[in-house]
Every structure is written in C-alpha cells, then in structure tokens.
Amino acid sequence: MLGAYPSRPGEITTLNNAAWIDLIDPTDSERSAFEQAFGLRVPTKEQIVEIETTSRLRLANDALYLTAPLIFANNDDPWIVVPTGFVLAKNILLTVRFAKLAAFDAVIAELGASAQCAPSVAFVRLLEAMVDRMADLLETSARDLDDASHFIFRHDAPPGRRLTGETTQLRSLMLRTGRTSERMARIHYTLVCLDRMGKFTIERARDWLAPDLSKRLQTVSSDIASLIHFAEGLVSRIQLLQDAATAIINIDQNDVIKVLTVASVVGIPPILVVGIYGMNFKNMPELDWTWGYPYALALVVISTVLPLIWFKLKGWI
C-alpha cells in the first residue's frame with residue numbers, strides 16, 4: 001500500500017508533490033513508480049533485515065539509506081519485530097515497512113493538519129514518535145515488574161499458604177518476567193538503531209539539514225540514552241525478581257522436605273517398638289503382664305513424643 005503525505009482535505013497528494021512516501025508491504029508496481037519518480041532505489045525486505053551497521057546506515061546518490069527493527073505491540077499479544085527502512089533525501093522521505101505501527105499513524109495524523117512539511121521534518125518527527133513509543137512500552141513493562149515485585153515481596157503473605165498454589169503463581173510470574181526480559185532486549189536494540197540513525201543523519205546530512213532539526217536529533221539522542229539506562233535498570237530488576245521467585249520456591253520445597261524428614265525420623269522409634277513386640281516368641285515376659293499392652297502403647301507414644309521434643313528444642317520445627 002502506498003501513502004503520500006501530507007494529505008489535506010480537498011487536495012490530492014501525488015508522488016510529485018508529496019514530502020513523505022510511506023510504503024506498507026509494497027508491490028512491484030509501487031516500487032517501480034517511486035523509483036521512476038525520484039531515481040532512488042527502494043530497499044527490499046531482505047536488505048532491511050540485515051544487521052550489519054554498514055547495511056543499516058548507508059549514503060548513496062545523495063540519499064541516506066537507514067533501517068531499524070521497530071516493534072509492533074498490541075496489549076498482551078506477543079510483540080512483533082517490524083523491519084523498517086528509511087530513505088531520506090533533500091526532496092523526499094521514503095519509508096518501507098511491513099506492518100502498521102502506532103508511531104507512524106500518529107505522525108500521519110499530525111501531518112494531515114500541516115500546511116506544508118519538508119521531508120527532513122517528517123523524518124525527525126518520526127524518530128521522535130518512535131522514541132516516544134519505546135518510552136511507552138518501557139513504562140508498561142515497568143508497571144508489570146512493579147506488580148510482580150509486590151507479589152513476591154508482599155508483607156501480608158499468609159503463613160499457612162498452600163505450596164501448590166503459590167508455586168503455580170510464582171511459575172506464572174517467572175514466565176511473565178522472562179517475557180519482559182525478552183522485550184527489554186528488543187527495545188534496547190531498537191533504541192540503539194534509532195540512536196545510530198539520528199547521529200548518522202546529523203553527520204551525513206549536515207549540508208542541507210536545518211540547524212533546528214539537528215538540535216532536535218541531538219535531543220532525541222539524549223532521550224534514547226536515558227531510555228537505555230532505564231531499560232538496563234529494568235533488566236537488573238528482572239534478574240532480581242527471578243532469583244527471588246526461585247529462592248522462594250526452593251525455601252517452600254525445603255519446608256516440605258523438612259516436614260517429611262521429621263515425620264520419617266519420628267516414626268522410626270515407634271516402628272521399632274511395634275516390630276519388637278510383634279515378634280512371635282514364647283519367652284517374651286511382657287506377654288504375660290497384666291498391663292503389657294498398655295505398657296507397649298505408652299512406649300510407642302513416648303518414643304514418638306521424645307524426638308518431637310528434641311527437634312523443637314533444636315529449633316528445627
């Protein structure tokens with residue numbers, strides 16, 4: 001799909017009078033139309049997904065060829081990496097993408113109300129909108145981590161909580177924090193690519209880039225640096241929460257093993273007593289005692305209670 005902007009009500013924006021051409025999963029005819037109109041090559045998807053710096057940032061025919069892996073995020077659905085290409089020349093801005101992106105939609109809506117817009121202005125505004133979008137995603141991830149932290153380190157946890165239920169909740173929480181960790185890695189890489197795009201544009205387009213746009217790109221670079229620091233802090237929190245959740249699960253499981261160990265140790269003496277008096281021998285003096293049976297029962301009870309008292313004095317239960 002081909003979009004030409006800025007588009008204003010009552011006017012038809014064409015390739016010849018547009019400042020920004022936006023191609024969404026373009027067809028061969030749309031690629032050919034742009035190339036014939038401006039003499040610039042439209043990058044293919046295979047070229048856009050290349051990760052080498054020399055492939056992501058290039059200067060050819062007085063035009064900047066830039067690429068970045070942007071993120072499509074929709075509520076709790078899995079995040080999708082959207083390879084996006086930019087071709088910035090003095091007279092035109094071309095974007096090539098393969099999915100809808102909220103940052104692009106916001107800039108398109110802004111440009112609809114603009115009387116005029118230079119390609120470099122549209123490009124800088126796109127960078128600003130994409131950085132704002134990354135900030136929103138980081139804030140959402142931070143709130144998710146806050147919820148996870150409140151669950152793990154809550155002070156009102158009931159002492160008699162069921163292990164199975166809590167383990168299930170902690171397992172779900174670890175999956176969520178793991179997913180957040182993966183998202184942080186994607187956001188971090190996207191921010192790095194956007195920062196490189198801004199600095200590359202300042203350096204290579206300084207002959208025709210307006211000074212105020214250069215300052216805006218420098219501001220974008222500063223914002224990206226702060227967001228990267230924020231993302232690194234979230235990654236550290238994720239590691240802390242995962243370690244804490246694992247430790248809590250291990251502690252709870254150790255409590256269960258401790259109970260089973262105490263029960264098995266406490267059960268040994270009475271089993272020994274019952275085993276002795278369960279033997280069928282004629283010469284067993286206790287068999288002829290009037291109080292032999294109550295004596296054996298009392299011995300079983302005492303042999304059970306004494307280990308419990310000993311464990312209690314040691315502080316093991």
Sorted by packing (mean other beta-carbon atoms within 10 Å per residue), highest first, where do 82-88, 308-314, 139-145 land?
82-88, 139-145, 308-314
Could you state the accessible area per residue of the chain in Å², with a 1.4 Å probe and every protein chain left in place?
57 Å²
Residue-normalised 222 nm signal for the chain, counting each DSSP H run of n ≥ 4 as -39,500 (n - 2.57), nearest 500 deg cm²/dmol, is -21500 deg cm²/dmol
The chain: DSSP helices with Cα axial extent of at least 20 Å and average Kyte-Doolittle hydropathy no lower than 0.0
119-152, 211-277, 292-314
Report, to the nearest whole %, how much of the accessible area of the chain belongs to carbon and sulfur atoms, 1.4 Å probe, protein only.
59 percent
Most packed first (mean Cβ within 10 Å per residue), the peptides 291-301, 93-103 order as 93-103, 291-301
Per-residue HN-Hα couplings for the range 41-50 [Karplus 6.51, -1.76, 1.60; θ = phi - 60°; Hz; x = Gly/Pro]
7, 8, x, 7, 5, 4, 6, 5, 7, 5
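The values are calculated or read from the model by the stated rules, or taken from the named source; none is laboratory data. Since we're looking at a predicted model, the values are computed, not measured. Virtual Cβ from ideal backbone geometry, glycine too; neighbours counted across all protein chains shown. Side chains included, ligands, DNA and RNA excluded: accessible areas come from the protein's heavy atoms. Shrake-Rupley method; radii C 1.70, N 1.55, O 1.52, S 1.80 Å.
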